[in-house]
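Below is one structure, written out as structure tokens; the observations come after it.
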Amino acid sequence: MLLRIAKSHLELPHMDFGNKSEFGMRVLHLLSSSGVYGAEKMVVSLAKGLRQLGCESILGIFDNLHVGSSGVATYMREQGLNTVVIPCNGKIDMTAAEEIRRCINVYEISLLHSHGYKADLYGYVAARNTRLPVVATSHFWTRRTMALRIYARLDQFVLRQFDHVVAVSDKIAAEILAGGVSSKLVSVIDNGIDLAALQRPSQSFDVELRARGKRIVGAVGRLVDQKGFDYLLHAIPSVLKQFPETVLLIVGEGPKRAKLEALASELKITDSVRFTGACDDMPSVYSSFDLFVLSSVDEGMPLALIEAMAIGKPVVATRVAAVPRLVLEGVTGRLIEPRDPAAISATICELLGDPATCERLGEAARARMEARFSSELMAERYHRLYRNVLKRRAPATDGAPCRN
């Protein structure tokens, strides 16, 4: 069900999620987003997993003035999740906090869970004068611009007031602690994915390339500087010298697309690189790859990498943030240093020339994802955290960030 909270404060429509005694807990997830990326998919997987544990979720999606949310809200609705669209008409719009507070009251929310600095701020303001527990998940702080650095600092301050803060990697947890949040209030919970859904590709993503005998190296992510696609493009000429039949597929959309396409042209590799844009059928995308490459210069816990490994693809990934916990060097994939096109090309060539190793790495990757990074396990950890927060208002742990 997709709802929009009107500025006129009309009565909120009924949501079909059963009564509170049936589910025992009702959580409002807040998210400000311009597209369906890793964090959005994680929230969907979490909400579905929580439902199986008797915890119902409502997803509150900000409808920002300059960046619409209809695509994100529609995606959430198509996943069968109760979704509320919250108008936000500027960088500071306290009526958005009022609407969140109304949602809390009307739907008898047990706990508020925010995702990202904007959701953290508005969620905190909305719940400040209530007894509602507030939890945040910090997926990634980007500091590319002065404005984003200011937002990150503000977020660190706001998070000190929360009942609990979850980080998706040890690096992010360390940043949260450095921002002044008590170690008693910080834990690390791995992202998880719906493994069963990934095993159901609907079709071959690129039949034409397969028919022509091409080797497909794939990369998935938003086209932004953080993902390091420029370093990957610089690696491709060397790969083509050894494996001229190789095609690089870059799957995703973002503000750097034109710049990356221009770089491919400058490197004279346009015929061997395809920018596919966003794709809905990700199981088919991953199934089409011979090899997956993550070239990021910074990360939280990348969902695309988890998905590629879960479907059994050999991976080459940069040694950033939580990636070494996913990719065990020489066991479930290959690790390289970021910003190193020579290392990217050398490792790609090594694996393309060794099918037996690729098969071994892919099988081990799939087994590790099934054992450690399922959406069911993630939901169980969050559900346990919610219960602890509701019971004690803050987990009583000392020392380093705990792992739920």
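Annotation for the stretch 222-306: GluC sites (Glu not before Pro) lying in DSSP loop with at most 14 further Cβ atoms inside 10 Å of their Cβ are Glu245. Residues whose amide H comes within less than 5 Å of that of Ile193, counting only those at least five positions distant or on another chain, are Ser374, Ser375 (H built at 1.01 Å from N in the peptide plane).
Spacing of the modelled spin labels on Val36 and Phe157, each 7 Å from Cα toward Cβ, amounts to 3.7 nm.
Report the calculated FRET efficiency for Ala278 and Lys391 (r = Cβ-Cβ distance, R0 = 30 Å), to the nearest 0.05. Once the sixth-power term is evaluated, E becomes 0.15. Computed extension gain for Arg372 through Met94, at 0.36 nm per residue and net of the alpha carbon distance, reaches 96.1 nm. Sites listed here are trypsin sites (Lys or Arg not before Pro) in the stretch 180-289 whose DSSP assignment is loop and whose Cβ has at most 12 other Cβ atoms within 10 Å: Arg212, Lys268. Taking each residue as 0.36 nm, the span from Arg131 to Phe243 lengthens on full extension beyond its C-alpha to C-alpha distance by 34.2 nm. Taking the average, over residues, of other Cβ atoms within 10 Å as the packing measure, peptides 308-314, 340-346 rank 308-314, 340-346 from highest down. Within the shell of other residues whose beta carbon sits under 14 angstrom from the beta carbon of Pro244, the net charge comes to +3, with Lys and Arg scored +1 and Asp and Glu -1.
Using label points projected 7 Å from each Cα along Cα→Cβ, tell me how many nm separate Arg149 and Lys268, to one decimal. Between Arg149 and Lys268, the label points sit 4.0 nm apart. Given their separation in residues at 0.36 nm each and the Cα-Cα distance between them, Arg384 and Val297 gain 28.0 nm when the chain is fully extended. Between Glu261 and Glu108, the modelled labels are 5.3 nm apart [label points 7 Å from Cα along Cα→Cβ].
Since every read-out is calculated from the coordinates, none of them should be taken as a lab result. Please read all numbers here as calculations on a predicted model, not as lab measurements. Using ideal geometry, Cβ is built from the backbone for each residue, glycine included, and neighbour counts are taken over all protein chains shown.
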